[in-house]
Each structure stands twice: as C-alpha cells, then as structure tokens.
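Q: Sharing a structure with you now.
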Amino acid sequence: MAWTLDDFDYPLPDELIAQAPLAGRSDSRLLRAQPAPVDLRFTDLPTLLAPGDLLVFNDTRVIHARLFGTKDTGGQVEVMIERPLGAHEALAQIRASKSPKPGTRLHLEGALDVEVLGRAGEFFHLRFPATDELVALLERHGRLPLPPYIERAAGDTDESRYQTVYARNPGSVAAPTAGLHFDEPLLARLAEQGVNTAYVTLNVGAGTFQPVRVHDLSEHRMHTEAYFVPPATVDAIAATKAAGHRVICVGTTSMRALESAAQGGTLQAGESESDLFILPGYRFQVADGLITNFHLPKSTLLMLVSAFAGMDTIRRAYAHAIAQRYRFFSYGDAMFLTRDPQ
C-alpha cells in the first residue's frame, strides 16, 4: 500500500501536550491498547507482564546539547548538537539570520570558541576547543534541550526528570521518554516478579523532531542514529524466546536499535548506525510488546507504532486517549502495545 503523510494525522488539543512532569515518575497513566482500550496507572505495569518476560531499555543519557552565542560578525546563533564526532567535533543544527560559512567562528555561552568546518547535509560540522572532551564541555557550558513543543526553558527539575533513572551512556539530545516512567521502586517490583531486564544504547538525534517533509512516504529518508546492542542483550533475547516468553521494548528507540541490528535476518551484537524507516507492512523480527508514549501527528514514531500494533488499534487508542484527556508526548502518559499478528 502507498502510504501518505495524511494517513498518520490526527487532531490533538494543545492543552493535552504535557508541559512538565508529574510529581512522581510512575504517577502517569498507562493505556492498555489491546484488545480494546483499558485505562490503567503506570504502577499497574507488572499486571501486564509475566515472570520470564524481558524488558529492553535504552540506557542513553541526554547531553547539554543546546548552546547560545554569536558569530564573529555579532549575529545571534543557537546551536543544537545533533551528535558528537569523537572527542572534539560534532554535527549540529544552527539557527541564525544567515547560515555561517566554513571558517566562521562561533562564540558560545561566553566560554567556547567553536569553528565551523563545513556542512554535512542539513547539519553543520563543528570543531570545539581541545581543552576538554566535547561531552564534558557541553555538560559544563551547554543547556539541557527540551523538545520544541514544551514551551518553556529547561529548569532544575528537568535536569533529573528528563533523564531515565538508568541513563549511563551520554550522547542523546532527546530522552527515550517511555523510560521516564520507571522509578527504582517499580524496577524493584518487576525484578521481584521475575521480569528480566536488558539494555541497548541508541543516541537520539535532534532530527527526531524534524517534520516529515514529503507527502508520499516512499520518498522519506530517515536521519541516522548511532546504536549499540551488547552481546549480553542478544543472549538474553535468545534465552527469553527459547523459553517461550516475551521481549518487551521500552520505547521506540529500543525497538529501532533491535530491529536495525536484525536486518541481516538474525539479531547481531555490535555498534552501527540506523536509518531504518518503519511503516505498516514492516515485518518485526524481535519485539513482542512495546511500552511507548503518545507521538506527534504525522511523525515517523506514530508510523512505527502503527506498523507494530496495527493502524486500527492505534487510531482507536489515540481517539480513546484524547477523549479521556491523557497527557501527550515526552512528559505525557504511556501505552502498552502488543505486536499485530498479521
């Protein structure tokens, strides 16, 4: 079937876009989408899982990827790091009245002199001072990047709440938000129940917030994101499936990492880059279930969950969530999906 952008649109009242986290991580709601929508609390998640099931988390950590400053000419610039390139370089988006040319120097946050080396597609290639490693410089001088639909600057609360409690590998410019609902007590309950855990790392790029700019989705090309699947995770997934239990991805980023690593026909450990674009009709190879937040209209993430659970399931679930006033997007509520058998 030829899919178009309009197939993945839906009307969302602005007031349902969550602008801040709830008091507690697991205070959010959880919609069990199949076979028919059922309203739960996120603390009810253990009732949807069985001993021997495996939860796969993305352990990436959000870096301070947003920086403000000026060009040599005095013009204002905003820099959003897309991804680090080694110890002192990065790809970034730059907002300025005029795009900086190669050789331009940017003076960021009153502390960093950064050189524009050139372009790499829609991104700029930047060289940072060699006084320290890039991530350390960003943590010291940069700002936590919140998604563009959160209409406020990041505050002290976001420094902890826009990270998962298990975040350990810095490199993302956006949080793997399905994981934000898990706190230590819930993780302990799941472990006591016999639910197992494994980890992948996928560093979410700023491109995740870029709108799809083509109507015919066969023409869309995904931005690339770096990922790593450890051998221990491959072994845990194999053991889970051999025992007849389920692999549940926590978030679309975990799912993209696993599906990307399985493109050769079997799941492979290792480090690579993913530009996998998943539309309905895609045959999933790894995940049996998915815990995910609610996604933007016309977004590639909405396309992914529609492929996983089925278009009718997602349309019914989103209509229910809007009618029941669920909270949407990064700081919003969650949904539990199982794979469409078709």
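The values are calculated or read from the model by the stated rules, or taken from the named source; none is laboratory data. Since the structure is predicted, the reported quantities are computational estimates derived from the model, not experimental observations. Cβ atoms come from the backbone with ideal geometry, glycine included; neighbour counts cover every protein chain shown.
Q: Just checking, does the range 97-110 include any residue being touching a residue at least 12 places away in the same chain (Cβ under 8 Å), touching a His at 6+ places or on another chain (Cβ under 9 Å) and either among the hydrophobic types (A, V, I, L, M, F, W, C) or part of a strand (DSSP E or B) (or both)?
A: Taking every residue of the range 97-110 in turn, at least one turns out to be touching a residue at least 12 places away in the same chain (Cβ under 8 Å), touching a His at 6+ places or on another chain (Cβ under 9 Å) and either among the hydrophobic types (A, V, I, L, M, F, W, C) or part of a strand (DSSP E or B) (or both).
Q: Let me ask you something else. Inside the range 20-39, can you point out the residues that are within 22 Å of the chain's Cα centre (by Cα), loosely packed, with under 15 Cβ neighbours inside 10 Å and touching a residue at least 60 places away in the same chain (Cβ under 8 Å)?
A: Matches in the range 20-39: ALA20, GLY24.
Q: For ALA319, are the conditions met, namely being over 16 Å from the mean Cα position of the chain (by Cα) and buried (at least 17 other Cβ atoms within 10 Å of the Cβ)? If you could, list the steps in order and put the result at the bottom.
A: Working: over 16 Å from the mean Cα position of the chain (by Cα): yes; buried (at least 17 other Cβ atoms within 10 Å of the Cβ): no.
Considered against the rule, which asks whether it is over 16 Å from the mean Cα position of the chain (by Cα) and buried (at least 17 other Cβ atoms within 10 Å of the Cβ), ALA319 comes out as no.
Q: Kindly evaluate VAL165 against the criterion of being hydrophobic (A, V, I, L, M, F, W, C), under 18 Å from SER254 (Cβ atoms), in the same structural domain as LEU304 (by TED's automatic domain parsing) and in a loop (DSSP other than H, G, I, E, B).
A: Values: hydrophobic (A, V, I, L, M, F, W, C): yes; under 18 Å from SER254 (Cβ atoms): yes; in the same structural domain as LEU304 (by TED's automatic domain parsing): yes; in a loop (DSSP other than H, G, I, E, B): yes.
Yes, satisfied.
Q: Restricting to the range 193-210, name every residue that is over 30 Å from ASP7 (Cβ atoms) and in a helix (DSSP H, G or I).
A: First pass over the range 193-210, keeping only residues over 30 Å from ASP7 (Cβ atoms): 193-199, 201.
Hit for the range 193-210 is GLN193, nothing else.
Q: So LEU190 fits all but one of (1) modelled with pLDDT of 95 or more; (2) outside any helix (DSSP H, G or I); (3) surrounded by fewer than 23 Cβ atoms within 10 Å (Cβ to Cβ); (4) not charged (D, E, K, R); what number is the exception?
A: Going through (1) modelled with pLDDT of 95 or more; (2) outside any helix (DSSP H, G or I); (3) surrounded by fewer than 23 Cβ atoms within 10 Å (Cβ to Cβ); (4) not charged (D, E, K, R) one by one, LEU190 breaks only (2).
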